[in-house]
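Written below as structure tokens is the structure these notes are about.
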Amino acid sequence: MTAMSGAGKSFAAPRGTYDLLPPESRRWQAKVRLAMDTFALAGYDPIETPAFEQTEVFERGVGAGSEVVTKQMYTFQDRSGRSLTLRPEGTAPVVRAVIEHFMARGALSGAVPLKLAYASAMFRQERPQKGRYRQFFQVGIEALGSDSPLVDAEVIEIGFRYIRSAGVEPRLSLNSIGHNDSACRGGYVEVLSDFLRGRVDELAPEDRERVSTNPLRTFDSKEAQTVAVMADAPVISDYLCEECKQHFSNVQMLLKNLDVPFDLEPRLVRGLDYYTRTTFEYVAANLGSQNAVGGGGRYDGLAEALGGPSLPGMGFALGIDRILLAAEDRASERGGVDVYFVALGDEAASVALRLATQLRADGVGADLDFTGKQMKGQMKDAARSGAKWAAIIGSEELAAGEITLKELATEKQERVAFRDLIRTVRS
Ligand code: HAM
């Protein structure tokens, strides 16, 4: 056997992942672009952090007791023995970067909130199903340095408007989970724990442990038995402190003012431990069980949990995979080619390559045949390319220094001199 003994074996993408291929990849790219453009219009600047972080960033940021950290992280030791984790979410890494680079100085002085946006792959080892993958793609924004309800409303509206413009009609669920103090969420968690201890035998067996480890998480259960018990559970809204109550009522007023419709959902707790006060989710009606196309909330204690200053934060992340599944725009995005050259013979092909290059340099998409096909085959390729025009160069055109430019949708055609091609397709 040679070193190539594996030859002949074929491979598939790892379980829970998928390849994004044309033409679907065009739709994907258009949605991501639209998101980053939408965020930029509100002053959110792009940030990129590494695909992996020290494991502790997520243990301390997302919470050592959260499902994401205990069950779903891709954690590995590198060759130097460091524990690293592929990011399961983007908020803790962004806050880590902000602290590391002292980016929050302006925000700390109260001058401006620091506004950041990202579009990145995330990794969670969940059980794969439609809309749930092990590598998925999120777009998100984070606003740091202000605890004003104006920021909550701005962030929620931006996500809502983007999802709509991406072709999905979202429902917005809204809640406040207060802050971590015995006069607020702390007191509530005790009341909830008492309630759960009293009914622990009625919970689904797999949820019983949560009663002592993380009682709030019991609301996340999808088990019918547990859901039935939780319908009787006390809800956080009855236990918020005055300040959190006021904050939440301001957020609601501002959202009404922005014409963003929402449903109050007192059982919405979300799966990550850093949340304080406002939490929300955007849900798509047509997605089945994995129907959350995005979610977010405030995380006023996260920066401190990561060893930084006190720095309130608010943001969301949207699942692009799910938005693509839910969006009504099934028609595929057009590709980048505007003009497809149909050239007959070697000399015509070399002219076509030169003209295509000139068009590209001028920002007009162009492609051509490389295989010397017959006219009919090249015309088929032109149609398949999604181009608006076929630019035909036969021997007659070649002799005259001209092109027959055919608009593919209307079949209208005209003769155009080589040098007038750019002007003609531009007009
Ligand atoms: P999250 O709710 O864990 O929040 O994820 C946000 C969105 O990412 C979900 O609503 C869903 O659309 C998508 N998503 C999550 N897991 C998967 C998966 N396995 N497959 C496909 N899509 C998935 C966060 O990640 C927070 N960092 C959001 C945030 C930002 N909070 C404050 N700022």
Of the numbered conditions (1) under 24 Å from Trp389 (Cα atoms); (2) within 19 Å of the chain's Cα centre (by Cα); (3) of a type outside the set (S, T, N, Q), Arg334 fails exactly one; give the number of that condition.
(2)
Filtering region 16-62 down to residues that are assigned to a helix (DSSP H, G or I) and free of Cβ contacts under 8 Å to residues at least 60 places away in the same chain yields Ser25, Arg33, Asp37, Thr55, Glu56, Phe58, Glu59
Can you find a residue in region 346-359 that is crowded, with 19+ Cβ neighbours inside 10 Å and of a type outside the set (A, V, I, L, M, F, W, C)?
no
Looking at region 70-89, which of its residues are in contact (Cβ under 8 Å) with a residue 40 or more places away in the chain and touching an Asp or Glu at 6+ places or on another chain (Cβ under 8 Å)?
Gln72
Inside region 33-68, the number of residues satisfying the requirement of being within 20 Å of Gly319 (Cβ to Cβ), open to solvent by 20 Å² or more (accessible area, probe 1.4 Å) and of a type in the set (A, V, I, L, M) is 4
For region 69-94, give me each residue that is part of a strand (DSSP E or B), loosely packed, with under 14 Cβ neighbours inside 10 Å and either modelled with pLDDT under 95 or hydrophobic (A, V, I, L, M, F, W, C) (or both).
Phe76
Quick check, is Glu67 in contact (Cβ under 8 Å) with a residue 24 or more places away in the chain and touching a helix residue (DSSP H, G or I) at 6+ places or on another chain (Cβ under 8 Å)?
yes
Every residue in region 289-323 that is in contact with a Lys or Arg (Cβ under 6 Å, 6 or more places away or on another chain), open to solvent by less than 20 Å² (accessible area, probe 1.4 Å) and more than 9 Å from the ligand (Cβ to nearest atom), please.
none
If a residue must be open to solvent by less than 30 Å² (accessible area, probe 1.4 Å) and over 17 Å from Ile158 (Cβ atoms), how many such residues does region 255-270 contain?
2
Can you pull out every residue in region 137-183 that is surrounded by fewer than 24 Cβ atoms within 10 Å (Cβ to Cβ), of a type in the set (D, E, K, R) and in a strand (DSSP E or B)?
Arg171
Taking region 312-359 only, how many residues are without any contact (Cβ under 8 Å) to a residue 40 or more places away in the chain, basic (Lys, Arg) and closer than 25 Å to Pro22 by Cβ?
1
Given Ala51, Ala64, Ala3, which one is closer than 29 Å to Leu114 by Cβ, modelled with pLDDT under 95 and of a type in the set (A, V, I, L, M, F, W, C)?
Ala64
Against the definition (free of Cβ contacts under 8 Å to residues at least 24 places away in the same chain, open to solvent by 20 Å² or more (accessible area, probe 1.4 Å) and under 25 Å from Pro22 (Cα atoms)), how does Gly372 come out, yes or no?
no
Select, from Leu216, Leu268, Leu272, the only residue that is outside any loop (DSSP other than H, G, I, E, B), under 28 Å from the mean Cα position of the chain (by Cα) and not hydroxyl-bearing (Ser, Thr, Tyr).
Leu216
Selection over region 266-276 where residues are modelled with pLDDT of 95 or more and acidic (Asp, Glu) yields a count of 0
Looking at region 372-427 only, could you name the residues that are within 36 Å of the chain's Cα centre (by Cα), aliphatic (A, V, I, L, M) and not in a loop (DSSP other than H, G, I, E, B)?
Ala382, Ala383, Val425
Given the conditions (1) surrounded by 23 or more Cβ atoms within 10 Å (Cβ to Cβ); (2) within 22 Å of Leu216 (Cα to Cα); (3) within 12 Å of the ligand (Cβ to nearest atom), which single one is not true for Glu126?
(1)
Has region 226-245 got any residue that is within 19 Å of Arg185 (Cβ to Cβ), among the aliphatic types (A, V, I, L, M), surrounded by 15 or more Cβ atoms within 10 Å (Cβ to Cβ) and within 16 Å of the ligand (Cβ to nearest atom)?
no
When you go through Ala117, Ala121 one by one, which is the residue that is at pLDDT 95 or above, surrounded by fewer than 19 Cβ atoms within 10 Å (Cβ to Cβ), more than 10 Å from the ligand (Cβ to nearest atom) and over 18 Å from Thr278 (Cβ atoms)?
Ala121
Hey, does region 333-348 have a residue that's within 16 Å of the ligand (Cβ to nearest atom) and of a type outside the set (Lys, Arg)?
no
Scan region 184-198 for residues that are open to solvent by 60 Å² or more (accessible area, probe 1.4 Å) and in contact (Cβ under 8 Å) with a residue 24 or more places away in the chain and report the count.
0
Return yes when Lys406 is open to solvent by 30 Å² or more (accessible area, probe 1.4 Å), within 30 Å of Glu24 (Cβ to Cβ) and touching a strand residue (DSSP E or B) at 6+ places or on another chain (Cβ under 6 Å) and no when it is not.
yes
Within region 277-288, restricting to residues that are within 11 Å of the ligand (Cβ to nearest atom) and modelled with pLDDT of 95 or more, the one that is surrounded by the fewest Cβ atoms within 10 Å (Cβ to Cβ) is Val283
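The values are calculated or read from the model by the stated rules, or taken from the named source; none is laboratory data. The shown structure was predicted, so the numbers you read here are calculated from the model rather than taken from an experiment. Cβ atoms come from the backbone with ideal geometry, glycine included; neighbour counts cover every protein chain shown. Calculation scope for accessible area: heavy atoms of the full protein, side chains included, ligands and nucleic acids excluded. Shrake-Rupley method; radii C 1.70, N 1.55, O 1.52, S 1.80 Å.
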